[in-house]
Amino acid sequence: MQLFVGLMVELLIIKIKTMNKKKIITIILGIGIISLFIAYQIYNKPHVNVLDVKSDIIITADKIIDDFSSDETKANRSYLDKIIKVSGTISELKLEKQKGIITLKTNHDFGSVLCHLSDQATQKINLLKVGQTIILKGICTGFLMDVILIKSEIVNKKNLNT
Amino acid sequence: MKTTYTFLICFLFIYNTNSQEQYLTKNGVIKFFSSTPIEDIKAENNQVLSIIDTSTKKMAISILIKSFLFEKALMQEHFNENYLESDKFPKATFKGDILNFNKIGGLETKCDVKGIITIHGVSKEIVIPSIFTRIGNTIFVKGEFGLFLEDFSIKIPRLVVKKIAKEIKVTFELNHKPYKK
């Protein structure tokens, strides 16, 4: 490996010697600027925008909790880190530290689907009512007592005012 | 006779879960900080599940690794994929006994919680110094402690070793409410 790099450098030096100075400087500067730009872009890679991304899975609240409580490892494999659309009935709405949390009812005694809303969606939480059916889209991070979705967005805007 | 017993046991079980002995939060907050001269890294988890049983004086905490949010998406990716391997180990847990639980009252009370913490598939005994406040029907717990990455066999590549602190500072805020079904 070292030998190869050494050889490459030597070849480069020979080539550079045959070029004029101005050209060399522009090439080096160019490479430098481009690599800096790429590095900066990678370092500042944006977070996924849930609204823009097509959801991988569309599912009901009952089904997703069934899957997690029957075989968690398998469910983890199919749902973890995926953007999921979940439909269900709202059983609780609350604000915790200015962040909205929607609980979706399931047919299980203990578990439900907990959707932590994004900042944008939190502003619309006042328009929602307990008992209303809703579709939420969020990133599934796993199962504790409940299935947890983060960065959730409200999907069915049509029904928001009813 | 057998059926009566089963019925009685069932009844006792239901009675137990309904009485105000279990306190719970589903949206506790755990944050961690890594501070080096080169870079400060912090992440926050707002979906912490924590349960306190006042009869047994035990506390159990469970968190999802993927629920930690970072400022930079790239850091979050590295954290999940390379360091904590959250596909293999999706959860971190803590189970422990609250020492001197009976002292806890309306004022901030210092209490140690001694138990086992499991991160990245590695379990370790730990004593977490915490501050308990019991007001009305809530039990509020907060605290701060340090964790060493090497204790949990979390390997950091040599290239970035200077950017990540060896000891990670962890803070938590858990606001438990009586658990009702």
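The values are calculated or read from the model by the stated rules, or taken from the named source; none is laboratory data. Remember, it's a predicted structure, so these values are computed and weren't measured experimentally. All Cβ positions, glycine included, derive from the backbone under ideal geometry; neighbour counts span all protein chains shown.
Observations
- Filter pass, A:Lys21 being over 28 Å from A:Lys129 (Cβ atoms), loosely packed, with under 12 Cβ neighbours inside 10 Å and basic (Lys, Arg): yes
- Meeting the requirement of 1 or more residues that are touching a residue at least 60 places away in the same chain (Cβ under 8 Å) and over 24 Å from B:His78 (Cα atoms), the strands (runs of 3 or more DSSP E) wholly within region A:33-124 are A:83-96.
- Checked against the criterion of being on the phi < 0 side of the Ramachandran plot, out of contact with any Phe, Trp or Tyr (no Cβ under 8 Å at 6 or more places or on another chain), part of a loop (DSSP other than H, G, I, E, B) and at pLDDT below 90, region A:143-157 contains one or more residues that satisfy it.
- Residue match in region A:104-120 (condition: away from chain B (no Cβ under 12 Å), of a type in the set (Lys, Arg) and surrounded by fewer than 19 Cβ atoms within 10 Å (Cβ to Cβ)): yes
- Residues of region B:79-99 classified as buried (at least 18 other Cβ atoms within 10 Å of the Cβ) and more than 9 Å from chain A (Cβ to nearest Cβ), total: 7
- Selection count where residues are more than 15 Å from A:Ile148 (Cα to Cα), surrounded by fewer than 21 Cβ atoms within 10 Å (Cβ to Cβ) and among the β-branched types (Val, Ile, Thr), scope region B:24-64: 6
Conditions tested, residue by residue: (1) of a type in the set (Asp, Glu); (2) away from chain B (no Cβ under 14 Å); (3) more than 17 Å from the chain's Cα centre (by Cα).
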| residue | (1), (2), (3) |
| --- | --- |
| A:Val5 | no, yes, yes |
| A:Lys15 | no, yes, yes |
| A:Ile27 | no, yes, yes |
| A:Asn44 | no, no, no |
| A:Leu51 | no, yes, no |
| A:Asp67 | yes, yes, yes |
| A:Ala75 | no, no, yes |
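- Checked against (1) in contact (Cβ under 8 Å) with a residue 40 or more places away in the chain; (2) over 25 Å from A:Gly100 (Cβ atoms); (3) among the aliphatic types (A, V, I, L, M), B:Ala60 passes all but condition (1).
- Screening region B:17-69 for residues that are within 21 Å of A:Glu92 (Cβ to Cβ) and touching an Asp or Glu at 6+ places or on another chain (Cβ under 6 Å) and picking the one that is nearest to the other protein chains (Cβ to nearest Cβ) gives B:Asn27.
- Positions within region A:121-156 being within 14 Å of chain B (Cβ to nearest Cβ) and more than 21 Å from the chain's Cα centre (by Cα), in sequence order: A:Met145
- Selection from region B:115-148 of residues that are touching a Ser or Thr at 6+ places or on another chain (Cβ under 9 Å), among the aliphatic types (A, V, I, L, M) and over 20 Å from B:Asn27 (Cα atoms): B:Ile116, B:Val122
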